[in-house]
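Each remark here refers to the structure printed beneath this line.
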Amino acid sequence: MNEYFKEKNFYIETYGCQMNFYDTEIVVSIMNKMGFNYTNNIQYANVILINTCSIRQNAEDLIIKRLNTIKNIIHSDTIVGIIGCMAERLKHKLLNENELITFVVGPDSYEELPEVLFKAFNKIKSCNVTLSRTQTYDNIIPTSINKNIYSYISIMRGCDNMCTFCVVPFTRGRERSKNPVSIFKEIDVLLSKNIKKIILIGQNVDSYKWKKNNDVVDFSCLLDQIAKKFPELIITFTTSHPKDMTEDVIYTISNNKNILKYIHLPIQSGSNKILNLMKRKYDTETFLQKIHFIRQIIPNCSISTDIMTGFCGETEKDHSETLNIMEKIKFNFAYMFKYSNREGTYASKKMQDNLSDSEKNNRLQEIIELQKKHTLLRSSQFIGKYCNILINGRSKKSNKDFVGFNEQNYKVIFPKKDNLYPGKYVNVLIQSYSHNTLIGKISDEKR
Ligand code: SF4
C-alpha cells in the first residue's frame, strides 16, 4: 500500500471540538503510514479530508458552504473525503447529495482509510460509518501538524448519557476508555517532542473507567497517576459532567501542583424543569453544592461552563432562573448557545421547539451580557498579582508579545524578552485585562 500512495499529498481541515482536533492527529498518523505527505496548501493536495462537526446546524452549514468554495479552487481529479461527526450523522446522504465527495468515514472507522483511499483512487465511492464499542486507537500515536507546546490526549470516546438535545451519542457512539498503559506511552512520546502541557479529553472524562482483573482505574486515579508519573508536565482536562465529577477528582486537582486549577463544568440551564427535560440527571441544588465544594477545596480554581438557552418548553421564568444561578456562581467564563433542533435526538422526535428565533436571540443576549460582567469581574481579580506563566508562543495580535497560560488556564499576553521561548516559564505581573485575557509584564519580583 505504501508504494501506491508514495509522493501523494493530503490536506486536512478540522472543525469542531478538541476531540476532532485530536482525531485529526490520528488520521495524520494513518495517512503518513500509508505513504502520503501532509501539505498545508490545498491546491497541492491529491486528497482533501474535511474533519467535520455536527453539534449545531450552523456548524454543518458552514462545512457545506466550505465545500462549495473548495469546488472552485481544486483540480478536477482531487479526491475529497468527509470524516468526523457529519460523516457519521449523514452517511450516504452526503455522498448522494454532493458530487464533490468521494468517501465518508465516521470517527470509529479511520483505520479503514487505506482501503477507502485505494477504492477512491480507483473511482469507487464508499461510506464507512460503523460505530464501535471498543475502538480507542490505542495502537496509534497521533502526529501533530502544528508546532505547539501543548497536546490533547483522548482518554475515552463516546457518551452514554443521551441528553435529549445532543447528537454526540449518535455520532460518537458508546463510552469506552483507553488503556492507561497506552496513555502513558503516548505521553512519553509527547515528552520526547518537547510538549509541556497535556489536555486529557473525552466527551465525559468523569466516566473514565479501565478494568483489569480486580483492578479498576477511575478518572481521579488516572489523573493522579499521570500527575505523579510526569511531574514536569502541566495537566488539565475536559469535559466534566456535573453528575459524575467526584470529590476525589477535586482532591486530586488540589493535591497535585502540576494539575491546572481550572474546571469546565457545563450547567446548561438554571431551571430544574429544563434540566429534567434535557435529561441531565442533576438539579441546580446539586450543581451549586459541587461549585461550593470546589471553591472550598481549591479556593483559586477558575470555573467555566456551557449554557444553552431556548430549549423546548423554556419559559421566561426558566430563563430568569438561569440568570439567577449565573449571578450566584459568577463563572469565570462561559460558552453560550441557543438551542437548535438536531434530527434524530429525543428532543427532535418528542418535544416541541416552541420558541421563535428572536425569543432565543433575546435570551441569549441577556445571558451573554450578564456573563460579560462576571468575566470582567473575575479577570479584574488578577490585577496586581504575579503569575507563573508557561509561554505558549507569539501573540496572534503582535509580533512583539508572547502569549502564555497561568495556573487557572487564563490566556496571558506580555512583551517578549530575549532568551525566552515557548515552553519556558516566566513570572508575569498582571496589569490589565480585556474580557478573559490578562495583560502584564515580565517581572523579577515574586508574589
Ligand atoms: S453528556 Fe450529554 S451533552 Fe455531553 S456529550 Fe454526552 S449526551 Fe452530549
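The values are calculated or read from the model by the stated rules, or taken from the named source; none is laboratory data. Since this is a predicted model, take the numbers as computed values, not measurements. Please note: Cβ atoms are built from the backbone with ideal geometry, for glycine as well, and neighbour counts cover all protein chains shown. Ligands, DNA and RNA are stripped out before the accessible areas are found, and what is left, the full protein with its side chains, is counted by its heavy atoms. Shrake-Rupley method; radii C 1.70, N 1.55, O 1.52, S 1.80 Å.
Can you find, within the range 342-377, the residue that is surrounded by the fewest Cβ atoms within 10 Å (Cβ to Cβ) among those that are assigned to a helix (DSSP H, G or I) and touching a Ser or Thr at 6+ places or on another chain (Cβ under 7 Å)?
Once the filter is applied, the top-ranked residue is 346.
Go through the range 15-49 residue by residue and tally those that are within 13 Å of residue 83 (Cβ to Cβ) and free of Cβ contacts under 8 Å to residues at least 40 places away in the same chain.
So the answer is 2.
For the range 1-119, list the helices (runs of 4 or more DSSP H) that sit wholly inside it and hold at least 3 residues that are over 26 Å from residue 237 (Cα atoms) and of a type outside the set (A, V, I, L, M, F, W, C); which are they?
2-5, 57-73, 92-97
Out of the range 378-407, which residues are farther than 18 Å from residue 324 by Cα, in contact (Cβ under 8 Å) with a residue 60 or more places away in the chain and not in a strand (DSSP E or B)?
Scanning the range 378-407 gives 385, 407.
Starting from the range 166-192, keep only residues that are touching a residue at least 12 places away in the same chain (Cβ under 8 Å), then list their pairs with residues that are β-branched (Val, Ile, Thr) and within 16 Å of the ligand (Cβ to nearest atom) whose Cβ atoms are within a distance under 7 Å, requiring at least 6 positions of separation or different chains.
166/345; 167/55; 167/345; 177/155; 178/155; 183/155
Against the definition (acidic (Asp, Glu) and touching a Ser or Thr at 6+ places or on another chain (Cβ under 9 Å)), how does residue 444 come out, yes or no?
No, not satisfied.
For residue 208, which of the numbered conditions (1) more than 16 Å from residue 329 (Cα to Cα); (2) without any contact (Cβ under 8 Å) to a residue 40 or more places away in the chain fails to hold?
(2)
Tell me which residues, restricted to the range 20-48, are open to solvent by less than 10 Å² (accessible area, probe 1.4 Å) and either of a type outside the set (A, V, I, L, M) or over 21 Å from residue 3 (Cβ atoms) (or both).
20, 22, 23, 24, 26, 36, 48
Residues of the range 378-393 being open to solvent by less than 70 Å² (accessible area, probe 1.4 Å) and within 13 Å of residue 441 (Cβ to Cβ), which ones?
Matches in the range 378-393: 384, 386, 387, 389.
Output the residues belonging to the range 408-437 that are assigned to a strand (DSSP E or B), more than 22 Å from the chain's Cα centre (by Cα) and under 21 Å from residue 149 (Cα atoms).
Across the range 408-437, the qualifying residues are 413, 414, 415, 425, 426, 427, 428.
If residue 293 satisfies every condition in (1) under 20 Å from residue 359 (Cα atoms); (2) exposed (fewer than 15 other Cβ atoms within 10 Å of the Cβ); (3) touching a residue at least 24 places away in the same chain (Cβ under 8 Å) but one, which is the exception?
It is condition (1) that residue 293 fails.
Report the residue count in the range 97-126 for those that are farther than 20 Å from residue 205 by Cα, in contact (Cβ under 8 Å) with a residue 40 or more places away in the chain and of a type outside the set (A, V, I, L, M).
6
If you take just the helices (runs of 4 or more DSSP H) that sit entirely in the range 260-340, which of them hold at least 1 residues that are away from the ligand (no atom under 16 Å from the Cβ), closer than 14 Å to residue 363 by Cα and among the β-branched types (Val, Ile, Thr)?
Because the criterion is at least 1 residues that are away from the ligand (no atom under 16 Å from the Cβ), closer than 14 Å to residue 363 by Cα and among the β-branched types (Val, Ile, Thr), the helices (runs of 4 or more DSSP H) in the range 260-340 that meet it are 316-329.
Output yes when any residue across the range 315-335 is of a type in the set (S, T, N, Q), in contact with a helix residue (DSSP H, G or I) (Cβ under 7 Å, 6 or more places away or on another chain) and modelled with pLDDT of 95 or more, and no when none is.
Yes, that holds for at least one residue.
Mind telling me which of the residues 108, 188, 138 ends up being assigned by TED's automatic domain parsing to the domain that holds residue 246 and not basic (Lys, Arg)?
After ruling out the rest, the residue left standing is 188.
Residue 379: closer than 30 Å to residue 91 by Cα, under 23 Å from the mean Cα position of the chain (by Cα) and polar (S, T, N, Q), yes or no?
The answer is no for residue 379.
Going by the structure shown, is residue 243 within 18 Å of residue 305 (Cα to Cα), open to solvent by 20 Å² or more (accessible area, probe 1.4 Å) and touching a residue at least 24 places away in the same chain (Cβ under 8 Å)?
For residue 243, the condition - within 18 Å of residue 305 (Cα to Cα), open to solvent by 20 Å² or more (accessible area, probe 1.4 Å) and touching a residue at least 24 places away in the same chain (Cβ under 8 Å) - is met.
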